[in-house]
Amino acid sequence: MMMTDVVINASVLVAFTESMAKHALTLWADDISEEKMQIISPGIGVMPSTSFSSSFHLKHLFSLDCEEPEIYTLASAIRPVKDPLFLVQAFSGWHCAENSKAYLVIVGPPLKDEAYYSSFQDITLRLPGVLYIPGLPQGDLQALIRDSSALINSSLSEGLSVTLLEAMALGTPVVARSIAGNRAAIVHYETGLLYDTPQVLKRRADRCIPVHRNDSRLDFNTVEPFLMVTSARRSPPYCHSPKCTYFGT
């Protein structure tokens, strides 16, 4: 009842996306009106470090012998709701059997669940192709995302992922778990790719490689991700710069 009381007594209710607003209007159909609901997208600013070299940093930190690693970045705090372990076995298998250049780089601090973090470390440390960095300064993290073949999201639940929006602004393809919050932010095959299982993730990620390769050939696999990142940057609902933060009712 506490949340219902807050909703009833609020002067205005703010949702990040239209789907969030519709969900709230459904939950409290008898208590709030559409006039009370405003849709305001969060402002996104990206300033990736110009001095950060992703390849050099990873090779130095993990003693990689790969000249040009293909980086797939998963940036999130290490906690169960973000489910960073969802993909690690499948990704390691892809690295070992098919593409030794591909690395899943997980970046994020541990939270208070020490048992989960300990299990996370035990599993990731023994998996080839899976790298963990407890944290990076924001500019360096954005540079890593900028240099990645794709930004990966594995969450069980999201409101509106700022990291996905930052990747779109940086021109990096996004490959996200097909959950309600991500479906609200991504149009599948238009502004990003959605997946349900680790096996599907591998197929989705494989399509994103050519975007960051120095490859002048123009084929289907090159054009498709290029169009996705272009669409993600230009599509009005995904314009989250400080100058374009309102698209409400």
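The values are calculated or read from the model by the stated rules, or taken from the named source; none is laboratory data. Computed from a predicted structure; not experimentally measured. Cβ coordinates were reconstructed from backbone atoms using ideal geometry, including for glycine residues, and neighbour counts include every protein chain displayed. To get the accessible areas, we keep the full protein, side chains included, count just its heavy atoms, and leave off ligands, DNA and RNA. Shrake-Rupley method; radii C 1.70, N 1.55, O 1.52, S 1.80 Å.
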Expected output for the stretch 1-19 (first residue within 13 Å of Asp31 (Cβ to Cβ), partner of a type in the set (Val, Ile, Thr) and open to solvent by less than 30 Å² (accessible area, probe 1.4 Å), Cβ below 8 Å, 6+ apart or cross-chain) is Val7/Ile32; Ile8/Ile32; Leu13/Val7; Leu13/Ile32
Picked from the stretch 76-105 (must be of a type in the set (Val, Ile, Thr) and part of a strand (DSSP E or B)), the residue surrounded by the fewest Cβ atoms within 10 Å (Cβ to Cβ) is Ile78
Mind listing just one residue for me: the one in the stretch 63-75 that is at pLDDT below 95 and either of a type in the set (S, T, N, Q) or not in a strand (DSSP E or B) (or both) and, of those, most open to solvent (accessible area, probe 1.4 Å)? Asp65
Go through the stretch 162-189 and give me each residue that's in a loop (DSSP other than H, G, I, E, B) and crowded, with 24+ Cβ neighbours inside 10 Å. Thr172, Pro173, Ile186
If you scan the stretch 7-35, which residues turn out to be among the hydroxyl-bearing types (Ser, Thr, Tyr), at pLDDT below 85 and within 27 Å of Val187 (Cα to Cα)? Thr17, Ser19
Would you mind finding the one in Ile152, Ile106 that is within 18 Å of Arg203 (Cα to Cα) and under 16 Å from the mean Cα position of the chain (by Cα)? Ile152
Just wondering, is there one or more residues in the stretch 62-76 that are over 16 Å from Tyr132 (Cβ atoms) and among the hydrophobic types (A, V, I, L, M, F, W, C)? yes
